[in-house]
Amino acid sequence: MALLEILAFPDPRLRTRAAPVKDVTKATRTLIDNMLETMYAAPGIGLAATQVNVHQRLLVMDVSEAHDAPQVFINPRFEVLDPELGAYDEGCLSVPGFYESITRPQKISVSALDRNGSPFSVNLDGLEAICLQHEVDHLNGKLFVDYLSPLKRQRIRKKLEKEQRTRA
């Protein structure tokens, strides 16, 4: 397995809309394993393929305390089960060091393919539902900073650009 480079905001590649995965192959499963290793090492609870510059509709997540319950969603689609919204302080591996309160539906139903290409459906709530919606946003070229005011978004952008310049 290998650690992958995680793209950082404001990298324009994060705005790419991911294409559906046509066939789940050995290369797809290798990507999944590498994404899980990268997510755990970061450390994070979710990672979309777009964040590692692979523009396919694929995401991994694990919200368990022990980091021993990885979940894989290929070509995920979700429906809101309950219109009640809840706020959660979201962070992002592509926007390191920043956390902001974002409001999202708390209960969703997800349909996707698993790591072997078999279809499945699952209902998610709480942190799992929030995480999946956050990662699907990435697959659609959207970041959690897009939910913030233009002023907050610009402040975050400037701080991250400055940090990227000082590391280069």
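Kindly indicate whether any position in region 76-88 is among the acidic types (Asp, Glu), modelled with pLDDT under 95, closer than 23 Å to LEU14 by Cβ and out of contact with any Pro (no Cβ under 6 Å at 6 or more places or on another chain). Among the residues of region 76-88, not one is among the acidic types (Asp, Glu), modelled with pLDDT under 95, closer than 23 Å to LEU14 by Cβ and out of contact with any Pro (no Cβ under 6 Å at 6 or more places or on another chain), which makes the answer no. For region 68-81, check the following and say yes or no: at least one residue is over 17 Å from ASN140 (Cα atoms), in contact (Cβ under 8 Å) with a residue 40 or more places away in the chain and surrounded by fewer than 16 Cβ atoms within 10 Å (Cβ to Cβ). The answer is yes; a qualifying residue exists. Within region 116-168, the set of residues being β-branched (Val, Ile, Thr), closer than 22 Å to LEU47 by Cβ and either in contact with a Cys (Cβ under 9 Å, 6 or more places away or on another chain) or open to solvent by 50 Å² or more (accessible area, probe 1.4 Å) (or both) comprises VAL145 only. Of the residues making up region 4-41, those that are part of a loop (DSSP other than H, G, I, E, B), surrounded by fewer than 14 Cβ atoms within 10 Å (Cβ to Cβ) and either in contact (Cβ under 8 Å) with a residue 12 or more places away in the chain or hydrophobic (A, V, I, L, M, F, W, C) (or both) are GLU5, ARG17, PRO20, ASP23.
Which members of region 85-115 meet the condition of being open to solvent by 10 Å² or more (accessible area, probe 1.4 Å), among the hydrophobic types (A, V, I, L, M, F, W, C) and closer than 30 Å to LYS159 by Cβ? If the condition is that a residue be open to solvent by 10 Å² or more (accessible area, probe 1.4 Å), among the hydrophobic types (A, V, I, L, M, F, W, C) and closer than 30 Å to LYS159 by Cβ, then LEU85, ALA87, CYS92, LEU93, PHE98 are the ones that fit. Applying a threshold of 8 Å to beta carbon distances and a minimum spacing of six or more residues, or different chains, the list of pairs starting in region 122-150 at a residue that is over 17 Å from GLN71 (Cβ atoms) and ending at one that is of a type in the set (Val, Ile, Thr) and open to solvent by less than 20 Å² (accessible area, probe 1.4 Å) reads GLY141/THR50; LEU143/VAL95; PHE144/VAL95; PHE144/ILE102; VAL145/VAL95; VAL145/ILE156; TYR147/ILE102; LEU148/ILE156. Selection of strands (runs of 3 or more DSSP E) fully inside region 55-168 by the criterion of at least 1 residues being on the phi > 0 side of the Ramachandran plot and in contact with a Ser or Thr (Cβ under 9 Å, 6 or more places away or on another chain) returns 71-92.
The values are calculated or read from the model by the stated rules, or taken from the named source; none is laboratory data. Please read these numbers as outputs of a predicted model, since none were measured by experiment. All Cβ positions, glycine included, derive from the backbone under ideal geometry; neighbour counts span all protein chains shown. Only protein heavy atoms, including side chains, enter the accessible area calculation; ligands, DNA and RNA are left aside. Shrake-Rupley method; radii C 1.70, N 1.55, O 1.52, S 1.80 Å.
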